[in-house]
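Presented below is the structure to which this report refers.
Rule-based calculations on the coordinates, nothing more; no lab input. In this text, all values refer to a predicted model and were calculated from it rather than measured experimentally. Here the Cβ is made from the backbone with ideal geometry for all residues, glycine too, and neighbour counts use every protein chain on show.
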Amino acid sequence: MKSIASYLITFFVVIFWIFRIAVALTASLDMDFGIKPMNLTIEIVLLFVTLLAIVLIIKRNIIGALIYFSAYLLYFGSSAFSQIGYLSDGTMGINSAADLIISFVAIILSIMTLFDVLSDKVRTGSSSGRNKKTDWFYKNEQFDRKLDERADKNNYRTL
């Protein structure tokens, strides 16, 4: 995560996750919030899956972005599809419009996260344990010690 766009997308993912926590909490406490989850049980499971995916997204792991994209596309995509049906019938209310907007925001945010992680050239998962602080020395040939014929090549053992 070296670009400001990566930081902003991850920040919006976390903010949207906190918003969904507030929606699930108000629905479980039977409070009026204006936005209701489609299915509270699936919403709570999705919050935990999203938490795991956010950790993997911060580590720039492609699996985390794919989990986040697929979970949000399945959950919010079905909601958006049903809300578009209400829009075509002309029976859309304010709550349906709010659900449609939130579904579109969730889907767009998941697509942006997936493309951001896929386009990131310096993923920490791909470095496979390299230490960048010492690679400049050990991977550079000009600092290698050159041995000549006078070098001691004996392997002494101490008992």
Output row, site Leu74, 7 Å Cα→C-beta label point, backbone N cut-off 15 Å, window segment 18-50, residues 39, 41-50
Net charge contributed by nearby residues that have their C-beta within less than 15 Å of Leu100 (K/R +1, D/E -1)
-1
With Val23 itself left out, Lys, Arg at +1 and Asp, Glu at -1 over residues whose Cβ is under 15 Å from its Cβ give -2
Which shape class applies to segment 4-123: rounded if a/c is under 1.5, otherwise prolate when a/b exceeds b/c and oblate if not, where a ≥ b ≥ c are the square roots of the Cα gyration tensor eigenvalues?
prolate
